[in-house]
1. If R₀ is 45 angstrom, what is the calculated FRET efficiency for the pair B:LEU47 and A:ASP57, using the beta carbon separation as r and rounding to 0.05?
2. Any idea what the dipole of chain B comes to, in debye rounded to 20, about its Cα centre with Lys/Arg Cβ at +1 and Asp/Glu Cβ at -1?
3. Give me the inter-chain shielding for B:282-295: mean count of other chain Cβ atoms within 10 Å, whole number please.
4. As I understand it, the value is the acute angle between the Cα axis of helix A:140-153 and the longest principal axis of the Cα atoms of chain A; what does it come to in degrees, rounded to 10?
5. Taking one equal scatterer on every alpha-carbon of the range A:17-265, how large is log10 of I(q)/I(0) by Debye at q = 0.08 1/Å?
6. Could you give the nm distance between label points at A:ALA198 and B:ALA212, where each point is 7 Å from its Cα heading toward the beta carbon?
7. Could you work out the relative contact order of the range A:17-265? I mean the mean sequence separation of Cα pairs under 8 Å and 6+ apart, divided by the number of residues, in percent.
8. Could you calculate the FRET efficiency of B:VAL205 with A:HIS128 from 1/(1 + (r/R0)^6), where r is the beta carbon distance between them and R0 is 25 Å, rounded to 0.05?
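Every number in this text was worked out from the coordinates using simple rules, so none of it is lab data. Just so you know, these numbers come straight off a predicted model, no measurement behind them. Every residue, glycine as well, gets a Cβ built from its backbone with ideal geometry; the counts of neighbours run over all protein chains shown.
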Amino acid sequence: MTTATDAAGQAPAAGPAETRTPILRARRLVKTFGRVVGLDGVSLELYPGEVLAIIGDNGAGKSTLIKCLTGAEIPDEGEIFLDEKPVHFKRPQDARAAGIETVYQNLAVSPALDVAANLFLGREERKHGILGSVFRVVDQKGMREKARNELKALGISTLQDVTVPVENLSGGQRQAVAVARAAAFGSKVVVLDEPTAALGVRESNQVLELIRNLRDRGIPVILISHNMPHVFDVADRIHIQRLGKRAATITPESHTMTDAVAIMTGAARE
Amino acid sequence: MTQQTLEPPTSALDLAEEFLDRTTPLSRVRNTLHRYPAVSPAIVLVLAVIVFGLLNDRFLNPANLSLITQQVAVVGTLAVAQTLIILTAGIDLSVGAVMVLSSMVMAQTSVQLGIPGVLALLLGLIVGLAAGAFNGFLVTRLKLPPFIVTLGTLSIFVALTLLYSGGATIRGAEMPELLTSMGATFNIGGVNFTVGVLTMLLLYVVVALILAKTAWGRHVYAVGDDPEAARLAGISVNRVLMSVYLAAGAILALGAWIQIGRTNAASPNAGAELNLDSITAVVIGGTSLFGGRGTVWGTLLGALIVGVFRNGLSLAGLDVLWQTFAVGVLIIVAVSVDQWIRKVRK
């Protein structure tokens, strides 16, 4: 089983991926922090309609890689292409404007605001006519309606009432709100950082289901997770980081969890 | 793919939790209070009015009710500014000092320089805005805690007021009529209201609408709730904070105008107690000192509760110190209730 790639940036050999055009592509990213090398020439491809998991030990460069892709860090070297066009993100807002939405580990929701207000936080829609243009009144009814439709489209059945304050929701439901917000605004790529880390079994399953729904709607997902069963459950391909490099890109079909852990820890070389 | 088929059986612990959370009457009360934080002060106000009305016949007569509204007008106005700042998880110890400084500028420029009332009011407004901008600058740029910032600017504004005015009170008779116009009265259904009281109520309506109906209002709550989450949602936290301190400054200038009308004078020694009284009104009104939760209507109720307690206790013939004592008890009870309400479902 030698389906993996080296760090030189060749296309991964897993599945039919080579024939498609990646929606997001990173080539030979380098990022150093003083003497510490965070990323040592990492390449990554994300194809339309897939879930790409990124796994790796602590310090393997997962977070740095994601931060470079989402504008939270600026790589020292290397290029990032979105839809085959080079992009240069200087701030997270740049990446968001380009269509890369990130759901952060610490759940960026406002507990006291209701579900609909959270979905539209920072991009509220105003009423038509003079009420909206002069008095800047937000279109609460319209936003609630859209929020309901969006949640329904994502298959989030547990959130019936969009007027409930987020603090009254369970952890899984909050995560669903955060994911729905990321997916709701015509985004091209959704990045999820450890979305199941703080959740119980039932809630984790709901979030995994949500990830599948995103993929089925054609939105590609990058999933960072420590949880191997979750990764193997939901991912189409798995990017393994090790010591600042891409050790391999595998699929759940071609490798077992044990294989993946072996590659992650360096016990097995590809 | 449906959601339900994937769910493993609910654990006994989950069931127990849900049972406790959803079905005990006490937790249902708590959830309601949590959702509508103005409910508890409303209950307290109604009870207080009934009790004091039963204790003393004079309490409910129109002249006395009019007096209570007038006593509440200035602190009620300042408390609107205080609410905005506390909603962002800040606090402003300098509201009374800014209000007095603004009122002295209004009075003294009109009397000494002989400028028209409109211009004097405008200068007072500028002073309020400048004070707000200064507080806001220190909070957003130097990243100092609002408590420390306004503790410092409290002393600065008090000193500036005394230096500027020379400690002298200016009588309303010397000022242009416009400056004292907030004290004019009119009659609705046998109760006298001042223009100042009406202005305060209008201010509540306007600010309540802005908080509930505009994106800015939502952002104020979001910033107070969790500034990091607000930032990640694309909100410019510093800009929201700065706008809140500026809005507060403008409201304090309005308070200065109402204060001149209420006392028919501008005194550099007025308003010292208003710094804390405004916080009292906000806290009793159910707004959380941790930010992100509360309404200006709660604050109005809080200001009225304090006014009713002071007035009712004094009509009952109790020593003025017992009024202060009662306000202290009210604060502690209000914050305890708030803590209890906040324990809803983690």
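1. On the way: r = 62 Å, r/R0 = 1.38.
Given R0 = 45 Å and the Cβ-Cβ separation, E is 0.15.
2. In total the dipole reaches around 320 debye.
3. 1
4. Taking Cα atoms only, the helix is inclined about 40 degrees.
5. Those come out to -0.32, one per q.
6. Output for this residue pair reads 3.1 nm.
7. Working: 477 pairs, mean separation 66.1, N = 249.
After rounding, I find 27 percent.
8. The pair B:VAL205/A:HIS128 has a calculated efficiency of 0.60.
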